[in-house]
Amino acid sequence: MSYLLKGVRPLGGDPVDLVLNEGVIAELGTGLTADVTIDADGLIALPGLVDLHTHLREPGLENAETVESGTLAAALGGFTAVFAMPNTQPAADTAGVVEQVYRLGRDAGYCDVQPIGAVTQGRAGKQLAELGAMAESAARVRVFSDDGDCVSDAVLMRRALEYVKAFDGVIAQHAQEPRLTEGAQMNEGVLSGQLGLRGWPAVAEEAIIARDVLLAAHVGSRVHICHVSTAGSVEILRWAKSKGYAVTAEVTPHHLLLTDELVASYDPVYKVNPPLRTAEDVTAVREALADGTIDVVATDHAPHPVEEKECEWPAAAMGMVGLETALAVVQQAMVDTGLLDWAGVAERMSAAPARIGRLQGHGGTLERGVAANVTLYDPNAPWAVEPANLASKSRNTPFGGRTLPGRVVATFLRGRATVLDGKPA
Ligand SMILES: [Zn+2]
């Protein structure tokens, strides 16, 4: 089946006809034909989005999400590839488990699933996992993380950085000094005092980032910082990049838009790790994403079943779902504010995550001959987020009841439609 995207605007540029055929972008021009014509007048074409940070919860936590439900949510959000975090049960810390996740993604067929391997056995932070075996497995793992927990032992972190150099891997660090955040419930500040919730200081994130950029530089290896949330973290990253250190970083959509003032509602839908920060922090991470200090937008899609979220604040799980709302939130926070154009969005939500994760076949440009991984997006289609309508098995979106400015219309994975008219194809 070939598709003609008529009058589409690649990266928001001038209108053109684009033909997808036999898995690749076959033609760009005018007056073209194909089996199926999609009137794409006014729509933006982006290279298929790539999420460097998704929790798919399978194996072991299928009541929150499965590979199938999570990748359907991803496709509806415009993603053609997701990196799956290893905090499953069992943890993805062996070649066997990462191959299982990889195969489940391939069988579901909504988008490519690239497993992330655990850094330590059982994510327990004591001994390195089988990094080499995971790298050599059918899943060809290149990103390793204990996400959900920090690799807090400096010696283990150094050894992991040394180990992954052999196959050009990267350690993706969840930067959270554990002793400084024991029992922490929200951002530490005036508001945490007023609300009587234990504070989570910015320095708990910043101290680990400072340590790890220095360790990565010392070893000559690559480190990636997950979900950067504070202005101070941005300053450290800016300094590290000015020194030429091999550090990359991501920010989540929710940290680009929401502040800790929402916690005053005591609604656990706003409980997340790292916590929502102040308006000054939001400004800083937006500017850092715009100027390239932060390389990537990553969702940190973290599904939880209702019983783990709809309870009292201190007992609630941390995390938010985000795959289906990510692009619209980035439009609102970055494009509609004039901080980023659509080419900039394509770099930060497709090219950079694919490059950092060494993922082949994704993150390309929209040129003749490249794999037809394409997202069609309408930036002028406001919609009210209704949690019950999400494809994810979980409903914990912080954007429920909000109106977002634009909507994914279609997603193509190697020329095959996974989403059409905003619905599963
Ligand atoms: Zn994390």
Output for Cβ contacts, cut-off 7 Å, separation at least six or different chains, first residue closer than 25 Å to GLU308 by Cα and open to solvent by less than 10 Å² (accessible area, probe 1.4 Å) in segment 39-65, second of a type in the set (Lys, Arg) and more than 16 Å from the ligand (Cβ to nearest atom), reads ALA64/LYS393; GLU65/LYS393
When SER69 is evaluated against the numbered criteria (1) outside any loop (DSSP other than H, G, I, E, B); (2) open to solvent by 10 Å² or more (accessible area, probe 1.4 Å); (3) touching a strand residue (DSSP E or B) at 6+ places or on another chain (Cβ under 8 Å); (4) small (Gly, Ala, Ser), which criterion, by number, is the only one it fails?
-> (3)
Scope segment 118-139; condition part of a loop (DSSP other than H, G, I, E, B), surrounded by 17 or more Cβ atoms within 10 Å (Cβ to Cβ) and either under 24 Å from the mean Cα position of the chain (by Cα) or among the polar types (S, T, N, Q) (or both); matching residues | ALA118, VAL119, GLY125, ALA129, SER137, ALA139
Yes or no: LEU32 open to solvent by 30 Å² or more (accessible area, probe 1.4 Å), outside any loop (DSSP other than H, G, I, E, B), in contact (Cβ under 8 Å) with a residue 24 or more places away in the chain and not polar (S, T, N, Q)?
-> no
For segment 196-240, what are the residues that are of a type in the set (Phe, Trp, Tyr) and open to solvent by 40 Å² or more (accessible area, probe 1.4 Å)?
-> TRP239
Taking segment 384-417, which residues are out of contact with any helix residue (DSSP H, G or I) (no Cβ under 8 Å at 6 or more places or on another chain), assigned to a strand (DSSP E or B) and either over 27 Å from VAL8 (Cα atoms) or hydrophobic (A, V, I, L, M, F, W, C) (or both)?
-> ALA384, VAL409, ALA410, PHE412, ALA417
Single unsatisfied condition, THR365 versus (1) outside any helix (DSSP H, G or I); (2) open to solvent by less than 40 Å² (accessible area, probe 1.4 Å); (3) in contact (Cβ under 8 Å) with a residue 40 or more places away in the chain | (2)
Is there any pair linking a residue in segment 407-425 that is acidic (Asp, Glu) to one that is open to solvent by 10 Å² or more (accessible area, probe 1.4 Å) and outside any loop (DSSP other than H, G, I, E, B), with Cβ under 8 Å and at least six apart or on different chains, and which?
-> ASP421/VAL409
Between a first residue in segment 368-388 that is under 14 Å from GLN332 (Cβ atoms) and among the aliphatic types (A, V, I, L, M) and a second residue that is open to solvent by 50 Å² or more (accessible area, probe 1.4 Å) and modelled with pLDDT of 95 or more, which pairs have beta carbons less than 6 Å apart while being 6 or more apart in sequence or on different chains?
-> ALA381/ARG407; ALA384/THR403; VAL385/ARG402
Give ASN187, ASN273 a once-over and let me know the one that is within 16 Å of the ligand (Cβ to nearest atom) and more than 18 Å from the chain's Cα centre (by Cα).
-> ASN187
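The values are calculated or read from the model by the stated rules, or taken from the named source; none is laboratory data. These numbers were taken from a predicted model, which means no experiment stands behind them. FYI the Cβ positions are ideal-geometry reconstructions off the backbone, even for glycines, and counts take in every protein chain you see. When the accessible area is computed, the model is the full protein with side chains, heavy atoms only, and any ligands, DNA or RNA have been set aside. Shrake-Rupley method; radii C 1.70, N 1.55, O 1.52, S 1.80 Å.
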